[in-house]
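> Before I ask anything, here is the structure I am working with.
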């Protein structure tokens with residue numbers, strides 16, 4: 001795994017609220033309007049205004065939009081581009097069993113998008129998996145995962161956790177749980193909010209990659225904080241602004257957050273400079289293949305579909 005993964009801790013209250021707001025694709029989901037009370041947020045809840053009726057109308061409008069990045073072919077492409085940044089490969093399905101400590105302050109990083117023992121998403125994944133498969137190899141590590149959540153500690157995890165993760169990854173149900181948790185916490189919220197902001201398939205991908213990288217936090221360095229800062233610089237397409245201008249502002253903010261990290265490896269901005277910014281400059285708003293980009297100096301490409 002490349003040492004450029006989720007750069008900010010995702011507090012449990014933030015993740016829970018985000019998953020409540022967006023759900024997992026359930027048509028009955030209602031847009032909630034209460035940000036976590038114990039979070040000092042630089043960004044307002046993006047769905048906080050309006051009555052329940054207005055929110056339901058917004059949900060209906062989003063459902064009627066074209067699938068965009070959620071179309072199967074585009075979603076596969078998104079997974080491949082993210083994998084090039086997270087794991088230096090296009091074969092994202094080969095990463096279910098991957099696990100290591102990247103010395104980035106997030107503890108163990110594992111799986112298809114880098115679930116971290118220190119950022120709550122790994123805990124949510126293992127809890128969801130264990131609920132339906134209580135005898136799985138990771139179940140006995142749940143108390144330790146709860147203890148180390150929010151830290152980089154391995155207490156209670158070593159020496160057997162990495163082997164247990166690899167063993168669990170042999171189970172199709174665990175691979176499915178990774179897919180589902182990725183969608184619920186990152187993919188679905190990013191795509192739905194991008195549609196709400198009037199963004200194209202490329203804009204939806206930019207939101208998704210930022211959600212994976214920075215985490216769905218409301219603070220200045222989290223996804224919602226970055227979006228809030230970008231909206232101060234440019235109007236979204238839904239507000240009548242230029243989508244390209246807004247996305248450039250969003251990428252500027254995301255890049256700034258990356259560049260403020262402590263270590264040089266964390267400060268690498270390839271995923272913006274030689275990938276997303278290139279797609280945007282080329283006007284590839286549909287994220288149409290063939291695609292060619294560089295990540296950490298390595299060239300990747302996807303053929304025309």
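The values are calculated or read from the model by the stated rules, or taken from the named source; none is laboratory data. No experiment lies behind these values; they were computed from the predicted model shown. Here Cβ is always computed from backbone atoms with ideal geometry, including for glycine, and neighbour counts include all displayed protein chains.
> With respect to the numbered conditions (1) closer than 21 Å to residue 261 by Cα; (2) in contact with a strand residue (DSSP E or B) (Cβ under 7 Å, 6 or more places away or on another chain), which one is the sole condition not fulfilled by residue 90?
Checking residue 90 against (1) closer than 21 Å to residue 261 by Cα; (2) in contact with a strand residue (DSSP E or B) (Cβ under 7 Å, 6 or more places away or on another chain), the one that fails is (1).
> Something else: In the range 96-112, what residues are crowded, with 23+ Cβ neighbours inside 10 Å and at pLDDT below 95?
Matches in the range 96-112: 106 only.
> Does residue 232 fit the bill of being out of contact with any strand residue (DSSP E or B) (no Cβ under 7 Å at 6 or more places or on another chain), farther than 18 Å from residue 81 by Cβ and crowded, with 17+ Cβ neighbours inside 10 Å?
Taking the combined requirement at face value, the residue does not satisfy it.
> Now a separate question. Give the residue that is nearest to residue 214 (Cα to Cα), with candidates limited to residues of the range 294-305 that are outside any strand (DSSP E or B) and free of Cβ contacts under 8 Å to residues at least 40 places away in the same chain. Steps first, please.
At the first step, the residues of the range 294-305 found to be outside any strand (DSSP E or B) are 296-297, 303-305.
If we keep only those that are free of Cβ contacts under 8 Å to residues at least 40 places away in the same chain as well, we get 297, 303-304.
Numbers: 297: 22, 303: 29, 304: 30 Å.
Only one residue tops the list, namely 297.
> Which of the residues belonging to the range 95-116 are in contact with a helix residue (DSSP H, G or I) (Cβ under 6 Å, 6 or more places away or on another chain) and assigned to a strand (DSSP E or B)?
Those that are in contact with a helix residue (DSSP H, G or I) (Cβ under 6 Å, 6 or more places away or on another chain) and assigned to a strand (DSSP E or B): 99, 110, 115, 116.
> Return a yes/no flag: does the range 274-293 have any residue that is modelled with pLDDT under 95 and either part of a loop (DSSP other than H, G, I, E, B) or within 16 Å of residue 82 (Cα to Cα) (or both). Can you show your working first?
Let us first name the residues in the range 274-293 that are modelled with pLDDT under 95, namely none.
Within the range 274-293 (the criterion being modelled with pLDDT under 95 and either part of a loop (DSSP other than H, G, I, E, B) or within 16 Å of residue 82 (Cα to Cα) (or both)), the answer is no, since none of the residues qualifies.
> Would you mind telling me which numbered condition in (1) crowded, with 21+ Cβ neighbours inside 10 Å; (2) at pLDDT 95 or above; (3) under 21 Å from residue 205 (Cα atoms) residue 93 fails?
Condition (1) is where residue 93 drops out.
> Also, I was wondering about something else. Does residue 213 satisfy the condition of being within 19 Å of the chain's Cα centre (by Cα) and either in a helix (DSSP H, G or I) or surrounded by fewer than 23 Cβ atoms within 10 Å (Cβ to Cβ) (or both)?
yes
> Please pick out the residue among 42, 83, 48 that is at pLDDT 95 or above and under 24 Å from residue 221 (Cβ atoms).
Details: 42 fails: at pLDDT 95 or above; 48 fails: at pLDDT 95 or above.
Result of the check over 42, 83, 48: 83.
> Here is a check on your reading of the model: is residue 201 surrounded by 21 or more Cβ atoms within 10 Å (Cβ to Cβ), over 20 Å from residue 287 (Cβ atoms), modelled with pLDDT of 95 or more and within 17 Å of the chain's Cα centre (by Cα)?
Spelling it out, it is not the case that residue 201 is surrounded by 21 or more Cβ atoms within 10 Å (Cβ to Cβ), over 20 Å from residue 287 (Cβ atoms), modelled with pLDDT of 95 or more and within 17 Å of the chain's Cα centre (by Cα).
> Residue 206 fails exactly one of the following numbered conditions: (1) in a loop (DSSP other than H, G, I, E, B); (2) buried (at least 23 other Cβ atoms within 10 Å of the Cβ). What is the number of that condition?
(1)
> Return the residues of the range 58-72 that are surrounded by 12 or more Cβ atoms within 10 Å (Cβ to Cβ) and part of a helix (DSSP H, G or I); say none if nothing qualifies. Give the steps one after another, and end with the answer.
So the first thing to find is which residues in the range 58-72 are surrounded by 12 or more Cβ atoms within 10 Å (Cβ to Cβ), and the list is 58-59, 62, 65, 67-71.
Selection gives 58, 59, 62, 68, 69, 70.
> If you don't mind, there's one more thing I want to ask. Enumerate the helices (runs of 4 or more DSSP H) found wholly within the range 117-183, keeping only those where 3 or more residues are closer than 21 Å to residue 95 by Cβ.
Numbers: elements: 121-132, 142-148, 161-168, 172-182.
The helices (runs of 4 or more DSSP H) meeting that bar are 121-132, 161-168, 172-182.
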